[in-house]
Every structure is written in structure tokens, then in C-alpha cells.
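Here is the structure we will look at, set down as C-alpha cells.
The values are calculated or read from the model by the stated rules, or taken from the named source; none is laboratory data. Everything numeric here is computed off the predicted structure, so don't read it as measured data. Every residue, glycine among them, receives a Cβ derived from its backbone with ideal geometry; neighbour counts consider all protein chains shown. Note: areas computed on protein heavy atoms with side chains; ligands, DNA, RNA excluded. Shrake-Rupley method; radii C 1.70, N 1.55, O 1.52, S 1.80 Å.
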Amino acid sequence: MKTVHHWIGGKTVEGASGNWGPVTDPATGAVTTQVALASTEEVDAAVAVAKAAYATWGTSSLSQRTGILFRYRALLDAHRDDLAALITAEHGKVHSDALGEVARGLEIVELACGITTQLKGELSTQVSSRVDVSSIRQSLGVVAGITPFNFPAMVPMWMFPLAVACGNTFVLKPSEKDPSAANLLAELASEAGLPDGVLNVVHGDRVAVEALLAHPDIAAVSFVGSTPIARHIHTTASANHKRVQALGGAKNHMLVLPDADLDAAADAAVSAAYGSAGERCMAISAVVAVGAIGDELVDKIRERAEKIVIGPGNDPASEMGPLITKVHRDKVASYVTGAAAQGAEVVLDGTGHTVEGFEDGHWIGLSLLDKVSTDSDAYRDEIFGPVLVVLRTETYEEGIALINASPFGNGTAIFTRDGGAARRFQLEVEAGMVGVNVPIPVPVGYHSFGGWKDSLFGDHHIYGNDGVHFYTRGKVVTTRWPDPSEAPAGVDLGFPRNH
């Protein structure tokens, strides 16, 4: 059986706690790997290594950092398939989805390669007689990232490349459910020339998380995961005087107006709801159909959903893979089996789906629930699986009110041909990311990603300008120098005395 250890100080460090976590192949249900689960002492050791590395990395030149990052980007590009294969083996998503994940992570590495322009300061001269004021941004020290199972390569790359480019050192605690991609990311960084101790990977469960949140040498914590845990991360780390960006859960709505291209809307709903088996915080999980189009839209979504091919992620014919664990699969299924009792019309029930030859895998088919009420479990909760709910409203005003009443505010979308309606929606909707005829409005790397309300805890979104600001702190310097002509007698600086 494969064993995944920690990566600390530029090398593999064997787990010493005696605790191990199982890693399953979601397509077969078989345990293929064991991962070391760090003790508090092991976390402390990793932080100490990162702190020692910061003494030199924090004062390294920008050209040194960017040179390493350019080489890192080239190595990641060369190992796209290797990373994607690890993601498929441990997460279960199909290979094309896994490659897309790597590509979106690479965007942030590319952003970090241009950190020289992102870290430029400002200067005002002559604010008073011979007085100048400048502002600069400086690194924080040792920072930590706690990342989820659904994007084991992309989300870490949303964090550590910018953090180290800004001069920090980093301790990554990836999900223990699919840990291997994180180690390969760290090994490639070392191969690119990143000094030992600048990027460290510590595997673990809640013990490791709590140790990071409490550690006095951790200056900032980045997190992506569910809302309850994001709230805990923010509360605990803030109480320990750390800077925090904690991205939580979502219930992303897609508002479809009567004038929309229903074929385009149905295509978008299927790809956005069921891609990556719905295990993504930017999935469209609620369609709000306005007016009389509801029946036709639901029929079009059903027709497309029934054609999706479900199978192992390493099969090129598969369009959707299994869920990460059996426990998660059963939880997702419970929302479908209980939907009719809460008033929904079950258009598609995927709970009985299996794949021939892989009967022990964590399989579930696509489910579609229509005429869902806002007080039902399937609507209120973040299901994080291939379940799409459809709600009906008579007017745009009712639809926007429904969306804005949600406690989540991560992403949303509108489908319409009316530019005025789209403009009104993007100004009125209470969400951090908005798509207009775009179902999953994940910003490109040089814009920041993040939601509102219970989808974000902390003041900074992730990557983009917000990411740079999160991993640095500002300093303002006011200087006054005497004129050379005022130098003490006997000191000749070669300046004319008549100035």
C-alpha cells in the first residue's frame, strides 16, 4: 500500500504520530493509500522550519523569487498529466476535469511570476518642505493554508505561489482524503529551486488544523471549505491574533428570465450543476425559472442530464465520476430520497446508480428536483453533489428577492437577452461573483475570487489583488533630509553653497 508522508524542509519526513488516515479510490471503494496524520509536535516542527527559512527568504530579491516561479511554472506545465492522474485516483473526477483544475491553478502561478509589479509602492514628494512620503508592502512571515478535498491541486495553488512570491514561507495542510497532489506540488517547487523550508506540507486531521490555528508563529491563515468550518477557522485564528481569509460554502443560483435562450441555459445548468459531480463551491445548485418557461426549461435540463456518461475518472468515455467517499455519497442521496416528502417533484433520481464492474465505488447518478420550496432541506443546505433544484417565480423581482434571502452569497448567474435586465441584476444581487450568460463565474487569476455573507469570513478574497494584499502588510515611511548646503562646516559634499 502506498504511504504519503509530510514534506518539510525540502524533503520527505516520515509521520511520527502513529496515526494514519485511509485514502480511497472512489471508483472502486478500495483503500489504496495511507496518509500520515500529524501530531501537534510535528506541526510545531514544520512551523519552526518555515520560520528559519523566512530569515533569508523574506529578504530575498524579487528577481530571485520570480526566477524560481518561472521555472516552477514550466515544471507544472510538464507534469500536468501526472497531477491530473493523482487527482483522478484519489478524488475521482474525470481526467479532463482534473486537467482543468491544474490549468486554473497555473493561472495563479503565472500571476505570482509577475509579483514585481504587484508589490510596487507609492511615493509622494514635497508633501512639506523637503519631506517625502512613501508606502511599501512587506511580507508577514510564516503563513498557513488549509485546503479542501474537491480541488487538491488548484486551491493550494491559489494560496502558496502568491504567498511565497510576496516573501512569506508557507505551511500547507491539504485534505487528508486526497493528499498526494500536494506533495507533488511541493516536490516540483523544490526542483524549481525553491529553498528548503519555504514550502512545507503537513498532512493531518483536526489535530493539525487546531495546532496551526493556535501556533504563535503563524501570521495568517487561508482556508477554503464548508461554512461551519470556515466560521470556526475565522473565529479561532482571529482570537489568536492572526489574519484570516476563510472561504465557506455556497448555494449558487442561476436566474433564467423568460427571454433567455433556453437551450443555452439548459446546457449551462447541466455543466454547472453536474460537472465534477457537483463537488465544487461554484456549482450551480439552484435554478430559478421566471414566468412560464419553467416546464420547458426543466424538460431540456432532464433531456441533457439523462445523456451524461458516468464512470471511472480514468475512462476517456466518462463525463462524471464518483463522489469522494461512501459517507458523502449517502449524505447526498438523502437529500433526493427525502425531497418528495418536502413537496418537491423528483424529475430525475440518481440515487440507485451503479457502474458495472465497479459496484463498490461511490456512485450516484444525476438528480433533478423541480418545484422545490425555499424551506426544504434540498434548497437550504449545500449538498455538494450532483443534485440540481429548480424553483419557480412569477417575476424578476420575486427571483432576485429569493436569491438575496439566501444566507450564502458566493456566486450567481443570470441568463437573458436583455442587457438592461442583466445590468440591473449585477447591481442588485447580493453575491461576490456574478455571471451574465456565464454559469460559473470564477474570475481569472488577476481578479480576486470570493463571496459575500456566509460564503466568506474575513476581509480579503483569494488571489488577484486581494491575495497580494492578504499576504503582505503596508508600511508608510515619511522622510526629511537636510539640504546638502546645510551640512556641518568642514564637510564638503561638492554642492554649491549658494543654493
Along the Cα→Cβ direction, 7 angstrom out, place labels at Asn437 and Asn19. What is the inter-label distance in nm? 5.2
With every protein chain present, what is the per residue accessible area of the chain (1.4 Å probe, Å²)? 40
At q = 0.11, 0.12 Å⁻¹, what base-10 log of I(q)/I(0) does the Debye formula yield for the chain when every alpha carbon is treated as an equal point scatterer in vacuo? -0.92, -1.07
Placing unit charges on C-beta atoms (Lys and Arg positive, Asp and Glu negative, everything else neutral), compute the dipole magnitude of the chain about its Cα centre in debye, rounded to 20. 1720
Set the Förster radius R0 to 41 Å, insert the Cβ-Cβ distance between His241 and Asp77 as r into 1/(1 + (r/R0)^6), and round the FRET efficiency to 0.05. 0.55
Simple label model, 7 Å out from Cα along Cβ direction - Ala401 to Asp459, nm: 3.5
Given the pairs Lys300/Lys453; Lys326/Lys453; Lys173/Lys326; Lys251/Lys300; Lys120/Lys242, which are separated by over 29 angstrom at their Cα positions? Lys300/Lys453; Lys326/Lys453
Burial ranking of peptide ranges 40-51, 178-189, 64-75 (average Cβ count within 10 Å, highest at the top): 178-189, 40-51, 64-75
Apply the Karplus curve 6.51 cos²θ - 1.76 cosθ + 1.60, θ = phi - 60°, to the phi angles in the stretch 104-115 and return the couplings in whole Hz, x for Gly and Pro. 5, x, 4, 4, 6, 4, 5, 4, 5, 4, x, 5
Using +1 at the Cβ of each Lys and Arg and -1 at the Cβ of each Asp and Glu in the chain, identify which of Met157, Thr235, Gly121 lies farthest towards the dipole's positive end. Gly121
For the stretch 1-54, Kirkwood radius (reciprocal of mean inverse C-alpha pair distance, Å): 12.3
Counting only protein heavy atoms, what percent of the accessible surface of the chain is carbon or sulfur at a 1.4 Å probe? 53
Which value, in debye to the nearest 20, gives the size of the charge dipole of the stretch 212-287 about its Cα centre, when Lys and Arg are +1 and Asp and Glu are -1 at the Cβ? 580
MRE, 222 nm, helices only [DSSP H, n ≥ 4, -39500 (n - 2.57), over the chain, to nearest 500]: -11000 deg cm²/dmol
Among 238-247, 218-227, 402-411, 162-171, what's the highest-first ranking by average C-beta atoms within 10 angstrom per residue? 162-171, 218-227, 402-411, 238-247
Compute the relative contact order of the chain as a whole-number percentage, counting only Cα pairs closer than 8 Å that sit 6 or more residues apart in sequence. 18
Rounded to 5, the percent of DSSP beta bridges in the chain classed as antiparallel: 40
Need one number: nm distance between label points at Val444 and Leu427, each 7 Å from Cα along Cα→Cβ, rounded to one decimal. 2.6
By the C-alpha gyration tensor axes a ≥ b ≥ c (rounded if a/c is under 1.5, else prolate when a/b exceeds b/c, else oblate), the shape of the stretch 158-308 is prolate
